[in-house]
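Data first, discussion second: the structure below is written as structure tokens.
Throughout, read-outs are computed from the coordinates displayed, never taken from laboratory work. All values derive from a computational prediction rather than experimental measurement. Neighbour counts are summed over all protein chains in view; Cβ atoms, including those assigned to glycine, are modelled from backbone coordinates with ideal geometry.
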Amino acid sequence: MKLNLQTGQLTAWVERGVALFCLGTLIPAAFGAAAQIPYMASWWTITVGGGIVVASIGMMIFSFLGRRLKGWALVYVAIVTIGLITWPVGWQSPDPATTSPWLWMCLGVAAVCLAVTSGTAWGLGYALVAGLLFAVVRMTPSGQSTTLLGAVQDMIVLVMNSSVVIVALGVVGHAFTSLDELEYASRREATAAAIDEALVEERHRLDGIVHDEVMTTLVAAAQNPNDAHISAQAQRAVDRLAQAGAPAETRLPVTGDQLAWLVNDVVSALVPQARLVSELEELAVPQQVASTLGMVVREVALNVAKHSKAEHVEVRLSSPRPGDVLVSITDDGIGFDPEQVPKRRLGLQVSVVYRMWAIGGHAEILSRPGDGTTVNLSWGSHGEPTQRIKMDPKERSERPRRMPDIPELSRSALVRLVWTLVALQFLLGWTSLDRVTSTWQVFAAQALAVLATMVTLWRSEQNPMKRSSAIVAVTLLIGVTLLVQSVLPQGDWPGYATWHSTVVMVLMVSILVRGQEQVAWIGVGVYAVVSAVWAVTEGLSAGDVLRVGFGPFSWMLVAQLLQTWLIEMADRMVASRRSSAAANRAIAQSFSKMVLRDVWLTQLRAQVGPLLSRIADPNYELTAAEREACLAQESRLRDAMRAGNLVTELTSDAIEVARGRGVDVRLVDSRGTRLPEDVRAALTQHLGRLLTDANTKRVVARAAPEGYEDVVTVLAVKEDGTSELVGLDAHGQMNTR
């Protein structure tokens, strides 16, 4: 059963953040557009401006309704792209623009939208193309007739900012996909281990009953058929089997993994070549339903083994709707016409159709002569809720807010990424030295930025970072801001001479991610106030004032949302890990009792029940054939106890027949765990050939302890004295010695 840490949930959170960011971008875009709308054609303003507003609101509504944003996102991207291409056409003034086109604020958002909904490659490609188009527009009169250097700077910033976000989201998404798969595999291993442990306990309990009550009764009855004490012993054996099969007091639901185990167990015993494909995830099936499904699947597998002559068999478990179960058994055998099956054939009617009907399910049998057979067994939960893992709110509040460890995210790579972004901003600052009144303050500010970066990234493997280090880094960044602003020109937006704003943004986000959220938000607030005061003092427009404060706040908000989701996932993982051991144990014990009661004991009663009932009747005298049957059944049970890994139900039949004609069959199981399915299939086929060969005199099969190259070895001795030793490796491949 998969956790709720799935990548789909990450996608939902990311899409919600992108929608919120699109809506937030409208605020600074509106201030920028206010100064340019009088010079734009009405059709352009209504079509492009109105379309962007409608698409942004639509994305926000859809994201909070839990619906995918792809349609709205593509509309947003299309409108922004059309607006960029038609910007020179829509510009109606004969004079050049005095500011950069306000549409640039939406281009990076459009690239992120495309990456989130259509893939990283699409987003990166769009960012590059949009950057080139924007650079061209910037050199036109409608784009302020900027120089080639200024256009290239705009392109670099646009491509770089959007690419950083796209790559970061892609890396996090890939990392959590890997983490989700790892967590899922770990849970499945833990579940399987709990089931195996519980089944071993129940099997030992059943083996004790079989050995002490059933096997001793069968041997005694074969040797002393008319002893009244043996009749009483046989009745006691019948009673013990009935007691062992009594329903458990607690009947916990069966999980998807457990149902897959049950189906695999009953199928592999009859059709070892069958391939099981389980697509069941979050599922809780009542035990009665699981038990019935197991018995019905066994009946279908028995028909496949006896009648189909199939080489390939596939059993697929899926959940078409939440809570529903569909088991499909498909073979490539000879097939048959279901309409021609006599109604008196109870195997299909009673064991399959009626049993599924009794639990509210449905059985569908599809077959044609020569085309194989498919049996679909379906059951629906009728809307019964599934249990989800929840964390105690008190426990959640007591846990420190800390990012989870994500193996796929290399901390050294993230550190290099931060340094790269800071270095690129330094480069932009150097290309804008002609816009400042003095240069030494710029280089001094860059020296302080280097110190702030070193403090922020120092010992990045330790989270959270020290509060004192975070305060020092924020103080240095405010110093960087004051130094840069002291040399910026008055009365005009200084362009990329404000390189420091991106450095502040990147390092504030890094401080937030490293666990010092309060310090980071206070730092951003101080930076916004300082920058706003500078913008107002220098006589900049309201849009410029908003621009200097909105950028860091918007990036901090996106980072905060992402970090909140990651921490939520970490909390759920902790809660899941804490509860899974006890839950697995309880459910596994309940499941193992169900398997004992409804699978093993059902098979055992079918094998020895009639004989025990006759032995228990003091007035019934066993025939010679029945006495031989007692010894044969005792040998069969002994094989199952001593070498359960080596025998299946069909193999046991072949062994019984072979022993009946004098073949010496010995089975030794020295392995502590279950044989791989490929080995079981190959072994069943090989033993079947040997046991049905009239020239076989002796067969010795041994399962080796784990770690041996040959998992199973089979020695066959012929009537003429020749022998053959065959080994089976872990993949079921045979090699003859």
Point to revise | Lys70-Thr420 FRET efficiency (beta carbon distance; Förster radius 35 Å; 0.05 resolution) | key: 0.65
Point to revise | Farthest positive-ward along the range 254-386 dipole, Cα basis, beta-carbon charges - from Leu259, Leu366, Ser319 | key: Leu366
Point to revise | Point-to-point label distance, Thr537-Asp617, nm (Cα→Cβ direction, 7 Å offset) | key: 10.9 nm
Exercise for review: Would you mind computing, in nm to one decimal, how far apart the modelled labels at Val657 and Glu724 are, each placed 7 Å from Cα along Cα→Cβ?
Suggested key: 1.8 nm
Review point. Which percent of Cα pairs goes in each bin when the distances of the range 254-386 are cut into 10 angstrom slices starting at zero?
Key: 13, 46, 32, 8, 0
Check your understanding: How far is it, in nm, from the label point at Ile37 to the one at Asn735 when both lie 7 Å from their Cα along the line to the Cβ?
Key -> 8.0 nm
Review point. What GluC sites (Glu not before Pro) in the range 696-737 are in a loop by DSSP, with at most 12 other Cβ atoms within 10 Å of the Cβ?
Key: Glu706, Glu709, Glu719
Study note, to complete from the structure: Measuring from its Cα centre, the range 254-386 shows a charge dipole (+1 at each Lys and Arg Cβ, -1 at each Asp and Glu Cβ) which, in debye to the nearest 20, is 580 debye
